[in-house]
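Student: I'd like to ask some things about the structure below.
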2 protein chains.
Amino acid sequence: MSWLDLLLGRPLASDAERQQRIGPAAGVPIFGLDALSSAAYGPEAALTVLLPLGVTGLRFALPISLVIIVLLLLVYSSYRQTIAAYPGGGGAYTVAHQNLGAGAGLLAAAALMIDYVLNVAVGISAGVGALISALPSLQPHTLGLCLAILALLAIINLRGVREPGLAFMAPTYVFVACLMVVMVWGAFKALLASGHPHPVVPPPRPPDPREALSVWLLIKAFASGCTAMTGVEAVSNGVPAFREPVVPLARRTLTVIIVMLIGLLAGIAFLVVPLQIGATEPGQAGYESVLSQVTGAVAGKGLFYYVTITSIVLVLCLSANTSFADFPRVCRVVAQDGYLPYWFAMRGRRLVYASGMYVLTALSGALLLLFGGVTDRLIPLFAVGAFLAFTLSQAGMVAHWRKSAEHGAGFRQLVNGIGMIGTCLTLGVVLVAKFTAGAWLIVLVIPCLLMLMLAVRRHYRQIAKETLSPAPLELAQVSAPLVVVPLEQWDRTAKKALQLALSLSPEVHVLHIASDEECSTLPKQWHEFAEAPAQQCGLPGPKLVVLQSPYRMVVTPILQYVQELEQQHPDRSIAVVVPELIEPHWYYAFLHNQRAKVLKALLLLREHHRIVIVTVPWYLESE
Amino acid sequence: MSWLDLLLGRPLASDAERQQRIGPAAGVPIFGLDALSSAAYGPEAALTVLLPLGVTGLRFALPISLVIIVLLLLVYSSYRQTIAAYPGGGGAYTVAHQNLGAGAGLLAAAALMIDYVLNVAVGISAGVGALISALPSLQPHTLGLCLAILALLAIINLRGVREPGLAFMAPTYVFVACLMVVMVWGAFKALLASGHPHPVVPPPRPPDPREALSVWLLIKAFASGCTAMTGVEAVSNGVPAFREPVVPLARRTLTVIIVMLIGLLAGIAFLVVPLQIGATEPGQAGYESVLSQVTGAVAGKGLFYYVTITSIVLVLCLSANTSFADFPRVCRVVAQDGYLPYWFAMRGRRLVYASGMYVLTALSGALLLLFGGVTDRLIPLFAVGAFLAFTLSQAGMVAHWRKSAEHGAGFRQLVNGIGMIGTCLTLGVVLVAKFTAGAWLIVLVIPCLLMLMLAVRRHYRQIAKETLSPAPLELAQVSAPLVVVPLEQWDRTAKKALQLALSLSPEVHVLHIASDEECSTLPKQWHEFAEAPAQQCGLPGPKLVVLQSPYRMVVTPILQYVQELEQQHPDRSIAVVVPELIEPHWYYAFLHNQRAKVLKALLLLREHHRIVIVTVPWYLESE
């Protein structure tokens, strides 16, 4: 059992794919962590924007949350239909590609891919941030912790489809259960106290108002709160991961996730007003997250509080898992259409799309390194990708229903149309509100990614055009090739190369570079060592060609000779036989001049269409 | 004319070597800059050690300098004889190797190689240091200036043997001339004033004594002053660079260098006492170098002063040139004996040993980068290598004369014996005095280098043992190889590979990996596209072997098949024909899975002694 088997598990045979599929119980932790963790930061983000309004700001928490919940329901109904209509997965990319054309599909794919890379960096960094605010002594290890969690996520996901479901089930359900208890308990207390409950641990007093109410502020609060919606698309991208019956199970998973998320969002919005809980200034002394305040106010800071907070930190850290579930699957679907390198569509040793996971790990790891594990500045970039994908997905579904003759298609078109308008408006709001804070970067990156994908496709087409040939072999001119063997001296490597050359063709040209500094012995030995034995076997003796090289070049004269030979024999292929010493260790490379490798590389680069290269290895015995 | 021709000059033919040789006028700047620049820092180093004695310390400057000059004369006479006895160059290495055995030779070579690398770093950094103390605004560019000078030296030396002689002639002779004028003028003034000349610009008052006189302090001053002797060996290492008559010209060059050096050392030692000039505390406000004080005191700080100081700075910067002249030559001689990679002995485009220059530039550049261009801490390491080489060289000459029957051999043996004892004692003093300051590092590095050189030689011997074969070709079993062609699909690349395979041998096995995910069309097309056309031409149809791969491996099943084939046919060679797509740009590599390269690399690594690899390139037309 190798260390790779130990780390990633033994390879799985291709026919084991069915046993790897999952149901809703594992589907929620695999696809839902991004969405559910949003409950921890979405409302907080909106309340932070409302901070300058003081106590007055809290009045707007409930209406903003309600608008977000309505939007969420529209998007949910759209993705429910997408799952049924496109059970092959790929979500927004597939819907937009099929109904609106390749451009729209690629736009959605680019948006999703960027969104997923950012989600990994931001999710892990937010989780580690929460951990550090609980245990400040970990501060110097921020980046190390981030990278360790990234590595853990990558390894668990590389182990197969089912593994993250099993590994992350406990924290996910503990998180949801704890928060649900807080919500219900809090609501019960509020009802009992006729809307004025007494907090167990009183939250910090909201600051005095510093700004007047403005529509712009409310719009910004809404745009920030919309981060709560990211991750809703996750299930639609990975439908083929579910076991039979695929569509109902995937839909049920999505429904469970959305019901939980709406419960949490509504609960938080409903509790902050009576408990008078606002955001606290982030990054300053006395900062406490909204969920921590709510839990403390409802249940006090006992054992239950610490279990809840621990589960929140874990879920934040693990929210990146959704990206690991979806990024490789989106890349796979796009690669199958030829817009990304085709190895994205190849299954790895555990039947997952391992290449996509490597690329995701590398890109998000680079972001974490670049920002030292503190990715606050990336958060504004985050919602743009998601809402662009939402909008394109809804628009695609509108087009889908328009073409459909199915019963109820008109009503569904209406629902998706409203959803499209809603998410499109939200996209506009988010873009305008966050443009200067960094969203402009997305506006630059997406077209670049788009052009890259189109170039990839163009290149693959070009290759296909040049190489495809549905015609039989032409064998009119099959004759043995002309063989060229460059030799430096007479030794066992030379003999092996020459034996092989004579077995390939009767016409062998041996090239020898005359060196001024030492007089070379090869020409003197030639007749006795090479010509005579060949003639005894009835073969024409190999021809020795001594090349002069006044400028001490070795490779160039060989290249020139081969080129002349190619021109003189327009109907022959030419095999250059290169003897190569294979050393037992890589560092012995410094002891040789690597002429064989240079010669081979240059022969390949020069576009000699009729030249093939024959490597004849000679193995040194290991010392 | 390419940019390389412009930078380094057009390639020189091997027979142009004679015209590249030099005489004494160019030999002094090429081989003498290290020795001559010593006059600028040797006396200063000794006086700095004497600083704690105050004015009393100056009394010892003259005796210490006299001892150093006597030692210098002994070493000079030794190297004069070495030049005549070993006109092939290689200096201490050759002498020790021939007379004392390979171990002593390699010890001398290792000492010299380390010495030369340190000399480049320390020389350039000292020159830039002097420049910066004159123009403090250059301080932030220290490292950049060091690397720029290193690059300049490397380029000028790569341009050929003569180039540095021409380029550095002016600064060298201006430096010597100016300092000679100072010495003679100062001596004249001192005589006129009966030993108590009045300085034009009075030097700073020597500090009050802080320490009592001790033998240990004098020994340390002597050890520091001995740095003035480094570079004396330079000519002996590069004798073959001189034109005919080689030995007299090389000797004359050495004599000129030594006469100039002794003149400068004696002049400085003679002038500091009457002018009351001591060292100033380095790195502190009011620091002024000894040569600057002497020049100012004798000639005032006018135009002449600035010309002199500029030439000193230039010569310090260029003192590294001696390393560029000698390091490649020492490496070449050692490489010719098989103790270093043989490419050290190959001449580059301008007939110099370019590889040695690249290695020297890389190593000393790394030192400069590591120390940020301030290499003060390396200075203690510096003299150890030189004196170890001196001692071994003298010891070798003693052994040489002992064996010689030449007239006067006895007297010469005595001179070299005294020289050996002197330099050996000095080596001991330097080692003890500077051990804790860093000389211990040399004691560690030299054995490592020694072991490395012995390992290189052992490896080359092993290769020779395994490959040398002064016997004719054996051709008993020349039969066409078995040919294996792995194919993924039917396209032009496959057709080209198959055509070539059929031209090499009638027995062709085509390997195809069955993929579960898509049903492959190759087996269905096989008869029509491949077998039928081959049979029509009278060839046996190539055999299609479909390999199952439940774990989606592609390369492993091919390797296994080839291995089995090799075992089944113990008397055949097997040619694996690999079709390879050659892309016009390197970055297209990301779009392919590089299976051809992986397959070829693994085939070579597995030590299949009877397998050869045939690369059949397919060129995409440039877009």
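The values are calculated or read from the model by the stated rules, or taken from the named source; none is laboratory data. These numbers come from a predicted model, not from an experiment. Backbone-built Cβ (ideal geometry, glycine too); neighbour counts: all protein chains shown. When the accessible area is computed, the model is the full protein with side chains, heavy atoms only, and any ligands, DNA or RNA have been set aside. Shrake-Rupley method; radii C 1.70, N 1.55, O 1.52, S 1.80 Å.
Student: With unit charges on the beta carbon (Lys/Arg positive, Asp/Glu negative), name the residue among B:Leu264, B:Gly278, B:Leu249 whose Cα is farthest towards the positive pole of the charge dipole of region B:199-283.
Tutor: Of the candidates, B:Leu249 comes out farthest on the positive side.
Student: While we're looking at this one, here's another question. What number comes out for the charge environment of B:Gly9, summing +1 per Lys or Arg and -1 per Asp or Glu over other residues with Cβ under 10 Å away?
Tutor: The answer is +2.
Student: Okay, next question. Given the C-alpha centroids of region A:523-572 and region A:464-485, what is the distance between them in whole angstrom?
Tutor: 25
Student: Quick check on the protein assembly as shown: take the gyration tensor over C-alpha atoms, sort the square-rooted eigenvalues as a ≥ b ≥ c, and tell me if it's rounded (a/c under 1.5), prolate or oblate.
Tutor: Here the protein assembly as shown falls in the oblate category.
Student: Can you send over the solvent-accessible area of B:Arg610, 1.4 Å probe, protein chains only, in Å² to the nearest 10?
Tutor: Roughly 70 Å² of B:Arg610 is accessible to a 1.4 Å probe.
Student: Same structure, new question: Going by accessible area, probe 1.4 Å, with all protein chains left in place, what is the ranking of B:Tyr339, A:Tyr41, A:Tyr342, A:Tyr306, largest first?
Tutor: Reading off the accessible areas and sorting them downward yields A:Tyr306, A:Tyr342, A:Tyr41, B:Tyr339.
Student: If you don't mind, another one. Can you list residues whose amide H is under 5 Å from A:Val510's amide H, if they're 5+ apart or on another chain and H is modeled 1.01 Å from N?
Tutor: A:Val485, A:Lys543, A:Leu544, A:Val545
Student: Mind checking which aspartates and glutamates have their Cα closer than 15 Å to the Cα of A:Lys301? Skip sequence neighbours fewer than 8 apart in that chain.
Tutor: Filter leaves A:Glu288.
Student: With a 1.4 Å probe and all protein chains kept in place, how much accessible area does B:Arg461 have, in Å² rounded to the nearest 10?
Tutor: 140
Student: Would you mind calculating the gained length between B:Leu166 and B:Ala148 on full extension (0.36 nm times residue separation, minus the Cα-Cα distance), in nm to one decimal?
Tutor: Residue separation times 0.36 nm, minus the Cα-Cα distance, leaves 4.5 nm.
Student: I've got another one for you. Just to confirm, what accessible area per residue do you get for region B:175-235 at 1.4 Å probe, in whole Å²?
Tutor: 51
Student: Please go through region B:178-233 and write out the chymotrypsin sites (Phe, Trp or Tyr not before Pro) that DSSP classes as loop and that have at most 10 other C-beta atoms within 10 Å.
Tutor: Nothing satisfies the criteria.
Student: Which distance in Å, rounded to a whole number, links the C-alpha centroids of region A:89-131 and region A:48-87?
Tutor: Computed from Cα coordinates, the inter-centre distance equals 19 Å.
Student: With runs of 4+ DSSP H residues as the only contributors, calculate the mean residue ellipticity of the protein assembly as shown at 222 nm using -39,500 (n - 2.57) per run, divided by the residue total and rounded to the nearest 500.
Tutor: Using -39500 (n - 2.57) per qualifying helix, the result is -20500 deg cm²/dmol.
Student: Let me ask another. With a sphere of radius 14 Å drawn around the Cβ of A:Val290, what net charge do the other residues whose Cβ falls strictly inside it have (Lys, Arg +1; Asp, Glu -1)?
Tutor: Result for the local shell: -3.
Student: Roughly how many nanometres apart are two label points built 7 Å out from the Cα toward the Cβ at A:Val273 and A:Ile219?
Tutor: With each label point 7 Å from Cα toward Cβ, the separation is 2.5 nm.
Student: Round to the nearest 10 and report in Å² the accessible area of A:Cys178, as given by a 1.4 Å probe over the protein chains' heavy atoms.
Tutor: Rounded to the nearest 10, that gives 10 Å².
Student: Once amide H atoms are placed 1.01 Å from N in the peptide plane, what residues at a sequence separation of 5 or more from B:Glu580, or on another chain, have their amide H within under 5 Å of its amide H?
Tutor: B:Val616, B:Trp618
Student: Using amide H atoms built in the peptide plane, which far-off residues or other-chain residues are under 5 Å from A:Gly238 H to H?
Tutor: A:Gly90
Student: For A:Leu604 and A:Arg10, what does the FRET efficiency come to when R0 = 35 Å and r is the distance between their Cβ atoms, rounded to the nearest 0.05?
Tutor: 0.40
Student: Inter-copy label distances at B:Ala480, 7 Å along the Cα→beta-carbon direction, one decimal in nm, shortest first?
Tutor: 1.0
Student: If I require 30 Å or longer along the helix axis, counting alpha carbons, and a Kyte-Doolittle average no lower than 0.5, what helices from chain B are left? Use full DSSP H segments.
Tutor: Helix filter hits for chain B: B:24-50, B:61-85, B:102-134, B:162-192, B:246-272, B:379-403, B:409-434, B:440-467.
Student: Just flag the trypsin sites (Lys or Arg not before Pro) in region A:176-256 sitting in loop per DSSP whose Cβ has no more than 11 other Cβ atoms within 10 Å.
Tutor: Filter output for region A:176-256: A:Arg210.
Student: Within 10 Å of each Cβ of A:540-549, how many other protein chain Cβ atoms are there on average?
Tutor: Taking all residues of A:540-549 together, the mean is 0.
Student: Now for a separate question. Across peptide B:608-621, what mean number of C-beta atoms from other chains lies inside 10 Å of a residue's C-beta?
Tutor: 6
Student: Peptide B:575-582: average number of partner chain Cβ atoms within 10 Å per residue?
Tutor: That works out to 3 on average.
Student: May I ask you to derive the relative contact order of chain B, considering only C-alpha pairs under 8 Å and at least 6 residues apart, and to give it as an integer percent?
Tutor: That works out to 21 percent.
Student: Within 10 Å of each candidate Cβ there may be at most 16 other Cβ atoms; applying that plus a DSSP loop requirement, which chymotrypsin sites (Phe, Trp or Tyr not before Pro) in region A:470-564 survive?
Tutor: In loop regions of region A:470-564 (DSSP not H, G, I, E or B), the sparsely surrounded chymotrypsin sites (Phe, Trp or Tyr not before Pro) are A:Tyr551.
Student: For chain A, rounded, prolate or oblate, judged on the Cα gyration tensor with a ≥ b ≥ c (square roots of eigenvalues), a/c < 1.5 rounded, else prolate if a/b > b/c?
Tutor: Cα axes put chain A in the prolate bin.
Student: Let me ask something additional. Determine the order of B:Tyr79, A:Tyr358, B:Tyr588 by accessible area, beginning with the largest, at a probe radius of 1.4 Å.
Tutor: The ranking, largest first, comes out as A:Tyr358, B:Tyr588, B:Tyr79.
Student: So, one more: Report relative contact order for region A:458-530 in percent, whole number only (criteria: Cα-Cα under 8 Å, sequence separation at least 6).
Tutor: 31
Student: What do you reckon, how do A:Arg162, B:Arg159 stack up by accessible area (1.4 Å probe), largest on top?
Tutor: The ranking, largest first, comes out as A:Arg162, B:Arg159.
Student: To continue, here is another question. Defining the label point at 7 Å along Cα→Cβ, can you sort the distances from A:Leu454 to the same site in each other copy, shortest first, in nm?
Tutor: 6.7
Student: Sticking with this one: Work through the residues other than B:Trp440 whose Cβ is under 14 Å from its Cβ and net out their charges, Lys, Arg +1 and Asp, Glu -1.
Tutor: Net charge around B:Trp440: +2.
Student: A:Gln284 label points, 7 Å along Cα→Cβ, one per copy: pairwise distances from this copy to the rest in nm, shortest first?
Tutor: Counterpart label points of A:Gln284 in the remaining copies fall at 5.2 nm.
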